[in-house]
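Please read the structure below before turning to the comments.
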Amino acid sequence: MPMKDDRTVFCQLMDWLPKRQFDTCVYRYRGNHWVKRFSCWEQFLTMAFAQLTYRESLRDIETCLRALQPKLYHAGFRTKASRSTIADANEKRDWQIYRDFALILISKARRLYAETDLGIQIEGAAYALDSTTIDLCLTLFPWAQFRKPMLNPPGANRARHREWG
């Protein structure tokens with residue numbers, strides 16, 4: 001009789017990731033230097049969980065993780081991450097850790113699917129761009145000025161005047 005696997009799908013998915021190569025990236029950029037609780041791996045797990053479950057804010061991430069607290073240890077989470085802890089890690093950790101790890105995963109995916117017919121033929125490189133609008137704090141990113149919603153779009157007053165007149 002096969003052994004029952006009670007682990008979450010998220011935990012099983014994370015098992016496929018090359019943790020040793022992730023640790024190499026962390027070591028290269030000293031990502032866990034002076035870190036006492038929230039390691040780079042836990043930050044990665046938190047952000048991967050947020051991405052896979054469509055979380056929209058730090059509060060949303062924190063609330064969802066708190067609701068799943070009993071299962072988190074078995075998924076690799078060792079500490080309770082508050083909004084401020086996640087925000088500090090996202091702000092202070094070297095982004096190159098995650099870039100290097102992403103490049104490792106992309107390389108692995110290319111090797112796995114090199115001989116697979118994906119149904120389309122693309123010459124050269126193909127890029128997928130996400131056009132999601134991200135709200136940025138304008139005091140930190142003054143170059144990110146975004147158009148403000150129009151309170152009175154052109155033609156709105158004309159339409160009202162026609163109704164009355």
Label-point separation, R7 to L52 (7 Å along Cα→Cβ), nm: 1.1 nm
All aspartates and glutamates inside 12 Å of K19 as judged from Cα atoms, apart from same-chain residues fewer than 8 positions distant: E42
Residue exposure sequence - L68, L118, L103 - by fewest surrounding Cβ within 10 Å: L118, L103, L68
Proximal aspartates and glutamates relative to K108, as straight alpha-carbon distance under 14 Å, when same-chain residues fewer than 8 apart are discounted: D100
FRET efficiency for W16 and R59, using Cβ-Cβ distance with R0 set to 25 Å, rounded to 0.05: 0.25
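Suppose R0 equals 41 Å. What FRET efficiency, 1/(1 + (r/R0)^6) with r the Cβ-Cβ distance, do V35 and L118 give to the nearest 0.05? Mind showing how you got there, number by number?
Numbers: r = 40 Å, r/R0 = 0.97.
FRET efficiency, V35 to L118: 0.55.
Each reported figure results from applying straightforward, stated rules to the coordinates on display, with no laboratory input. Because the structure is a prediction, the values reported are computed rather than measured. Note that each Cβ is placed from the backbone with ideal geometry, even for glycine, and that neighbours are counted across all protein chains shown.
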